[in-house]
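Here's the structure, in structure tokens; my notes come after.
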Amino acid sequence: MSSILEKSKFWYSFVAFIIISLFIYGLILDNEDSLLKKYKKENAQFLIDIKNANEIISSKENSISNLNQELDRKDVIINERNNAIENLNERIETLNDEINALYDRLNPYHQYGKDKGKLTIYTSCSDGVKTKVYIDGDYVGLLDEYFPSGFPNCEYSKTGSVISKIVLSGSHHIKAEDVQKRTWDFYVIVLEDQCNRQGLTCK
């Protein structure tokens, strides 16, 4: 009888152990299932977030592409405008040259003034210093130096060596007298834009 009770206790204990084990295992499976569902839900949300992020990135990329296209279009417009401006400037420069050329033909440059020329008086007399010079009756200066040879150029303007005066084109009366009472009296023709050099030679 004792043996039968012991065997019965054993089987009760064994069955109880099996039931408890199955209960605990069920709890573990239920917990793992809950975690798996949680992970699946989080993963699904993560995939949604990735999809949304990809859509945002794609939208940004499209916006950037559109902006680049707009910039390229504006660059083309700017280049076209710059070319047009450059062509316009070249045309303006050409027109200015044509206008200046036309103006020069209509109004030629006169270095001494319109209808005027330059009269330059000098002396080649070594003993003819202190020579007073008159042009058309007006005293214009005193020569106190001479040119032993040759003649001064029209731009030479040293005081006492030459006497220069801008005069109207045409005939002009020259008179001169030095300290030795030698005199010069003659007429010269001055042309427009020309320099007429007249030397007082010794008599």
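Read-outs throughout are calculated quantities, based only on the coordinates presented, and are distinct from any laboratory measurement. Keep in mind that this is a model prediction, so the values were computed, not measured. All Cβ positions, glycine included, derive from the backbone under ideal geometry; neighbour counts span all protein chains shown.
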> Which chymotrypsin sites (Phe, Trp or Tyr not before Pro) does the range 110-203 hold that lie in a coil by DSSP with at most 14 other beta carbons within 10 Å?
Replying inline: Tyr156
>> How high is the relative contact order of the range 95-203? Use alpha-carbon pairs under 8 Å, at least six apart in sequence, and give a whole percent.
In response: 35
> Using mean Cβ contacts within 10 Å as the protection proxy, how do 158-167, 45-54 order, highest first?
Replying inline: 158-167, 45-54
> When Rg is the radius of gyration of the Cα atoms in the range 116-200 and Rh is its Kirkwood radius, what does Rg/Rh come to?
Replying inline: 0.94
